[in-house]
Amino acid sequence: MLDLTTQIGTLTLKNPIMPASGTFSEDLAQVFDLDILGAHVTKTITREKRSGNPTPRVCEVRGSMLNSIGIPSKGLDAFKTNVIPFYKNYDAPLIVSISAGSADEFASLCEDISVPGVAAIEVNISCPNIEEDGKAFAMRPSTTEAVMRKLRNATDLPLWAKLTPNTGETTEVAKAAEEAGADALVVSNTLLAMAIDINTKRPKLGNLMGGLSGPAFKPIALRMAYQCAKSVEIPVIGCGGISTIEDVIEYLIAGASAVQVGTATFINPPIMVKMVEGLESYLQSQGLHSVKQLIGSVVDQEASDGLVFMEAAP
Amino acid sequence: MLDLTTQIGTLTLKNPIMPASGTFSEDLAQVFDLDILGAHVTKTITREKRSGNPTPRVCEVRGSMLNSIGIPSKGLDAFKTNVIPFYKNYDAPLIVSISAGSADEFASLCEDISVPGVAAIEVNISCPNIEEDGKAFAMRPSTTEAVMRKLRNATDLPLWAKLTPNTGETTEVAKAAEEAGADALVVSNTLLAMAIDINTKRPKLGNLMGGLSGPAFKPIALRMAYQCAKSVEIPVIGCGGISTIEDVIEYLIAGASAVQVGTATFINPPIMVKMVEGLESYLQSQGLHSVKQLIGSVVDQEASDGLVFMEAAP
Amino acid sequence: MAKPIHEVECTIISNEPVNGEYRLLVLNAPSKILDCEPGQFFHLLCPVSDTLQPYLRRPMSIYGYYPDKGELHFLYKVTGEGTSAIATLKAGDNFNVLGPLGRGFDILPNWQNLLLVARGVGLATLAPLALEARRLNRKLTAICSARSDQFLLSLDYFRELGATVIPLTDEAGTSSVENMHSIIEGLIADEGIDAMYTCGSNRILKLLQTVGKEHNIPGQIALEQQMACGIGMCQCCVRAFNRNGAIVNERVCREGPVFDLQEAIGC
Amino acid sequence: MAKPIHEVECTIISNEPVNGEYRLLVLNAPSKILDCEPGQFFHLLCPVSDTLQPYLRRPMSIYGYYPDKGELHFLYKVTGEGTSAIATLKAGDNFNVLGPLGRGFDILPNWQNLLLVARGVGLATLAPLALEARRLNRKLTAICSARSDQFLLSLDYFRELGATVIPLTDEAGTSSVENMHSIIEGLIADEGIDAMYTCGSNRILKLLQTVGKEHNIPGQIALEQQMACGIGMCQCCVRAFNRNGAIVNERVCREGPVFDLQEAIGC
Ligand SMILES: Cc1cc2nc3c(=O)[nH]c(=O)nc-3n(C[C@H](O)[C@H](O)[C@H](O)COP(=O)(O)OP(=O)(O)OC[C@H]3O[C@@H](n4cnc5c(N)ncnc54)[C@H](O)[C@@H]3O)c2cc1C
Ligand SMILES: Cc1cc2nc3c(=O)[nH]c(=O)nc-3n(C[C@H](O)[C@H](O)[C@H](O)COP(=O)(O)OP(=O)(O)OC[C@H]3O[C@@H](n4cnc5c(N)ncnc54)[C@H](O)[C@@H]3O)c2cc1C
Ligand SMILES: Cc1cc2nc3c(=O)[nH]c(=O)nc-3n(C[C@H](O)[C@H](O)[C@H](O)COP(=O)(O)O)c2cc1C
Ligand SMILES: Cc1cc2nc3c(=O)[nH]c(=O)nc-3n(C[C@H](O)[C@H](O)[C@H](O)COP(=O)(O)O)c2cc1C
Ligand code: FES
Ligand code: FES
């Protein structure tokens, strides 16, 4: 029997494939049976209603995309009334992604969303910390630790910290999140980028800049996932540019205990189903019986000792 | 008459197209007349002989590449004897890229390379600062400022500071470099990334990690070039993923006064020649008479005020 | 639950220019994706080559769907990288489509006299409405506006389906808003209009909103917005609408692409 | 100054399988790129499609260059994304090549009896040497080793050029190092060998180094290494060599791909 399960803290997922926040919604149930997934991860919500960023909110770059959706949100109450009940029809655990502009608001939202039907909370600490200088919480170890401590005190549910690539301190931030009580790290959110329409001379996004996601982003996020897996004990959930089953395997080998698939679902909506099937065939073809045999199996030998904390490109 | 010249501090370049360090050498003279270029930029050299990183030193990722060449160097003396004289055959100014593991060594190399035939010095402060924690000088404003001050005192030649994308403090680092006396910023070096061969489970680079360059990197480097151009008065030289004349124009519109072309030359060795021609036709077709009319012509209006210092992806 | 959305590989039957600006793409398609409504769209995966490398899918209205012969038609204009890539497809090639998507046009039981006002490629979106009108035995008048006769698409198609066609062109000077307005007033005075349909153009939207308010005639408009997912997940395709005095954002791919005429806001 | 390096679009004449593993690519090429030396290579820009998207160029030895008929030939094995993409090219397609590149084989004036030892696709690299040997009127013996007869490429080609061919196969049990060694010793004893050429295989390299040292026979080897630029700029293609008792790094694309046999270090 093939064992596709993976362990994220106290949660056992029936397979390591799940959607990334903001690239998934109830609508995808029209494409395939959502119970095929290891978990369901919602778009980030805020307590208050928000309308999000001006359009255009996405643009294409060579083989990938930028987005500046912002966090349009129907608010906490609408979410509890409409969204949580929808996912109760499924066995897969529901992971709710939340965000706020200050550590205290973050913690109070975290407390209020800790309700039956929610299996874990993904805290999108890659969003700007408005109280301080507007830099995302997850850009610095100190702000990461501060917000994570408050979040940890606000809930008994598992806490997944979603990191940002917009930092030179990936491993320090990862350790700070672990230290402050995160149960898992999601690595990572999108990378700040920009595109300009040379005909109109206007930025291609209404918001001027946006986050890079998709295949172009993979080598960066994979590097971060590897660095994090080497520097913390808690599980790492890899996220960034995963489009094929080979990408899933690459992240698992690098040390990720599970993966999140984002942009690829836009291009190929049933892709996660194919990845679950592909993972099964891959294990079979390799004579492996469990996904766990794959996780962290990278052959990095001595190289890893000296270099894992390397942050400058060589 | 079309005016392709651009001004980088006291240096006037006959056009804004030049190669990026490490992706150019005397060998390219077999492909085209190197005097077509706005400037010549050498591979980074160190004072001592160095052999560089283990192979494989490059690998392919979706639509781009990673490299971990390291800085193999024949040393300062060999450079002065063999390389500088070669470039004396050309009118284009010679920009020598240098690096060192500590600020003092950096400064002394800078002094010793300030010889006739060298028009400016590009200081690769994206390399690890070995004296401190191994993070690149350009990852933090404080280390940037410290090393730039010493470099400034070491030479009268123009100093171009080459920044790194492996930081969450792009604008702060840019300002620190300006503050300490840089004459221009080169934005930017490669972004730390990784790829694993799923068959062998080994990292695809001998050095475990390497720097992403090429088209996938463009939206990130363009964003940095834009941020820097908005936050400093000195010229910014854009670098990252430039492969077509449209890319050149996009960087100029974003605020770059010139551009460096790296990886694209590997795929298409005469590409810089085509870019110079393309820039001319573009100006003509737009009824512009000078490159300077293009530089910084981005239509960002109010958006730029609030958002230019945004470092978190939205 | 809502109908399933399918991602399938179709085969190209033909992909030919219709006139200088538009091309007709005819696909051989499985019947499961041909259970469509007029106004719905598909999200198309463009082919990749040395010179054209679009990444996101491209939304395209259904120009015709024929479950009996297993065909799906699109009428498109080549405007950029994605549509240029689609234009390179040849008979026999595979082509990946996602759909049908979105909410189509309504034809309520008491809407007997229908008016359709279209400009340019907008006809592609409105064409299936003509077919449906005939199926439901409604009377349809189609005002079709374009730069010149050459760009007046589908007129024969509309006529074949029993519609009354009123062609207007910039060339002939007949396409002005004023002229269109008086033609519509004429139609209303003559035999009346129960519902109006349009898409795209701002000028036409404003005109129909005015006429609709004055004569209390309901209407619908198909709108466009850039899309990433096409099925409601990413929220990139929102547009603002006037609803009960407030401005609300709706997803064009999910709550649309067909919206209430009076709620729509031009851009 | 060194000869110019050209980047040109060629046209495919044919691109057919030669046997189960190898394909022959024949290009129509301008004469300016056909001023080649045996052992040099070209750097090939692979086509991009929906399923195959190689980015870097791929280095490939010149299998044949024919300035008279304007042809350039490559013999290649499909091993990954790039060569798979090259395999999709059809007669009439354009194909961008960069070259000729690198330093080829030497045939010094006093080298009369030449020995070439090749395994597998290595023959592709050594084939032009046979042509050049005939042009210079040298005697050539070619020991060709492969898994089985089916993979013994180019034997007829070598024979046509007047070479003596000694085929060895794993299948027939004739390809062992020991057997090869005794064959070479036989050749040396018989009419002597003035220079040895090989490429690729570690086992063969070691054998020829031993033989070369013992009998004081010079030799050259063509080596491979992953390449980005192919013209000497990036320094990714270095390999280590033994020179005057020290280890030195050399660029395979520039100082090679042909190196001194004794200096080469296997991997
Ligand atoms: C629901 C819907 C139905 C449509 N039906 C048709 C149709 O039947 N025939 C037709 O010719 N066109 C139709 N369009 C417009 C069509 O989607 C665009 O022309 C096409 O996406 C342009 O892609 P491109 O790569 O050629 O152009 P580019 O300008 O290079 O595209 C760049 C990006 O902008 C997006 N984009 C550009 N123009 C539009 C647009 N008008 N609407 C939405 N996104 C756009 C592209 O999808 C792409 O993401 C429809 C659009 C929508 C939203
Ligand atoms: C000077 C030289 C001459 C060559 N001549 C021939 C020839 O005549 N016929 C032939 O079949 N092959 C030849 N090769 C090997 C050929 O370059 C590789 O087989 C090819 O690059 C593999 O590309 P791929 O994408 O199919 O394989 P992948 O394994 O997918 O390639 C991944 C990356 O590794 C590189 N790579 C993989 N194998 C090699 C290799 N052996 N040498 C260098 N780079 C490699 C690729 O270029 C690419 O960058 C030669 C190599 C060199 C350096
Ligand atoms: C359109 C879009 C919206 C997103 N919204 C969110 C969000 O609300 N919260 C969040 O944590 N991440 C969000 N992300 C980031 C993704 O969850 C993911 O981290 C990122 O896209 C990288 O993965 P990918 O390359 O597979 O898309 C969004 C990404 C996209 C493309
Ligand atoms: C093979 C290779 C070697 C490089 N070596 C250097 C170097 O020695 N010094 C340096 O400052 N940058 C070096 N770079 C970085 C480039 O100069 C450039 O900043 C980067 O590649 C981004 O530009 P691109 O996307 O156009 O290649 C190197 C890049 C590559 C690909
Ligand atoms: S396109 Fe994604 S929600 Fe409409
Ligand atoms: S491949 Fe670039 S130096 Fe050899």
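The values are calculated or read from the model by the stated rules, or taken from the named source; none is laboratory data. Just so it is clear, the model here is predicted, and its values are computed rather than measured. All Cβ positions, even for glycine, are placed from backbone atoms using ideal geometry, and neighbour counts span all protein chains on display.
General remarks:
- Evaluation of C:T141 against the conditions (1) out of contact with any helix residue (DSSP H, G or I) (no Cβ under 7 Å at 6 or more places or on another chain); (2) touching a residue at least 40 places away in the same chain (Cβ under 8 Å) shows that the sole unmet condition is (1).
- Qualifying residue in the range C:22-38 (condition: among the charged types (D, E, K, R), within 24 Å of C:E224 (Cα to Cα) and within 16 Å of ligand 5 (Cβ to nearest atom)): no
- Considering the range A:204-248, and only residues there that are of a type in the set (K, R) and surrounded by 24 or more Cβ atoms within 10 Å (Cβ to Cβ), the residue that is farthest from the other protein chains (Cβ to nearest Cβ) turns out to be A:K218.
- For the range A:285-300, the set of residues classified as farther than 13 Å from A:G255 by Cβ and within 11 Å of chain B (Cβ to nearest Cβ) consists of A:Q286 only.
- Tally, over the range C:79-96, of residues that are more than 17 Å from C:L56 (Cβ to Cβ), in a loop (DSSP other than H, G, I, E, B) and not basic (K, R): 5
- Any hit, the range D:38-54, residues being hydrophobic (A, V, I, L, M, F, W, C) and away from chain B (no Cβ under 14 Å): yes
- B:D156 fulfils the conditions (1) away from every other protein chain (no Cβ under 13 Å); (2) crowded, with 19+ Cβ neighbours inside 10 Å except for a single criterion, (2).
- Of the residues making up the range D:1-57, those that are outside any strand (DSSP E or B) and closer than 23 Å to B:E26 by Cβ number 14.
- Some residue of the range C:55-78 being surrounded by fewer than 16 Cβ atoms within 10 Å (Cβ to Cβ) and within 14 Å of chain A (Cβ to nearest Cβ): no
- Taking the criterion of being closer than 24 Å to B:L4 by Cβ, hydroxyl-bearing (S, T, Y) and in contact (Cβ under 8 Å) with a residue 40 or more places away in the chain, the residues of the range B:208-259 that qualify are B:Y226, B:S257.
- Residues that are under 15 Å from the mean Cα position of the chain (by Cα) and part of a strand (DSSP E or B) within the range B:137-193 comprise B:L159, B:W160, B:A161, B:K162, B:A184, B:L185, B:V186, B:V187, B:L191, listed in sequence order.
- Considering only residues in the range A:71-122 that are hydrophobic (A, V, I, L, M, F, W, C) and within 14 Å of chain B (Cβ to nearest Cβ), the one that is farthest from ligand 2 (Cβ to nearest atom) turns out to be A:A100.
- Number of the condition not met by A:F266 [criteria: (1) assigned to a helix (DSSP H, G or I); (2) modelled with pLDDT under 95]: (2)
- A single entry from C:L114, C:L108 fulfils the requirement of being under 24 Å from C:D194 (Cα atoms) and in a strand (DSSP E or B): C:L114.
- C:N96 away from ligand 3 (no atom under 16 Å from the Cβ), within 14 Å of another protein chain (Cβ to nearest Cβ) and of a type in the set (S, T, N, Q): yes
- C:Q226 passes every criterion in (1) surrounded by 19 or more Cβ atoms within 10 Å (Cβ to Cβ); (2) under 18 Å from C:Q40 (Cα atoms); (3) within 16 Å of ligand 3 (Cβ to nearest atom) apart from (1).
- Considering the range A:33-49, the residues that are within 12 Å of another protein chain (Cβ to nearest Cβ) and polar (S, T, N, Q) include one that is surrounded by the fewest Cβ atoms within 10 Å (Cβ to Cβ), namely A:T42.
- Filtered residue count, the range A:11-30, keeping only those that are closer than 25 Å to A:G70 by Cβ and assigned to a loop (DSSP other than H, G, I, E, B): 6
- Consider the range A:167-203 and keep the residues that are in contact with a Pro (Cβ under 8 Å, 6 or more places away or on another chain), more than 9 Å from chain B (Cβ to nearest Cβ) and not charged (D, E, K, R). The one that is nearest to B:S297 (Cα to Cα) is A:S188.
- Residues in the range B:50-70 that are within 7 Å of chain D (Cβ to nearest Cβ) and either more than 20 Å from the chain's Cα centre (by Cα) or crowded, with 22+ Cβ neighbours inside 10 Å (or both): B:S51, B:T55, B:P56, B:R57, B:V58, B:E60, B:R62, B:G63, B:S64, B:M65, B:N67, B:I69.
- Just one residue in the set C:C199, C:C237 is closer than 28 Å to A:R50 by Cα and crowded, with 23+ Cβ neighbours inside 10 Å; that residue is C:C237.
- Looking across the range C:177-212, the residues that are among the hydroxyl-bearing types (S, T, Y) and either modelled with pLDDT of 90 or more or in a helix (DSSP H, G or I) (or both) come down to C:S182, C:Y197, C:T198, C:T210.
- Check on D:Q220, within 19 Å of the chain's Cα centre (by Cα), under 16 Å from D:S201 (Cα atoms), more than 13 Å from ligand 2 (Cβ to nearest atom) and surrounded by 18 or more Cβ atoms within 10 Å (Cβ to Cβ): yes
- Within the range D:23-45, being out of contact with any His (no Cβ under 6 Å at 6 or more places or on another chain) and under 20 Å from D:A91 (Cβ atoms) holds for D:R23, D:L24, D:L25, D:L27, D:N28, D:A29, D:P30, D:L34, D:F42, D:L44, D:L45.
- Among (1) closer than 18 Å to D:T51 by Cβ; (2) modelled with pLDDT under 95; (3) in contact with a Lys or Arg (Cβ under 9 Å, 6 or more places away or on another chain), the one test that C:P17 misses: (1)
- For beta carbons closer than 7 Å, sequence separation of 6+ or different chains, a first residue in the range D:64-86 that is farther than 10 Å from D:A29 by Cβ and a second that is acidic (D, E), the qualifying pairs are D:K77/D:E21.
- Check on A:L94, more than 19 Å from A:L34 (Cβ to Cβ), touching a residue at least 12 places away in the same chain (Cβ under 8 Å) and in contact with a helix residue (DSSP H, G or I) (Cβ under 8 Å, 6 or more places away or on another chain): no
- Any hit, the range D:106-118, residues being more than 16 Å from ligand 1 (Cβ to nearest atom), closer than 20 Å to D:H6 by Cα and more than 14 Å from chain B (Cβ to nearest Cβ): no
- Yes/no for B:L28 being away from ligand 5 (no atom under 16 Å from the Cβ), touching a residue at least 12 places away in the same chain (Cβ under 8 Å) and either buried (at least 22 other Cβ atoms within 10 Å of the Cβ) or among the aromatic types (F, W, Y) (or both): yes
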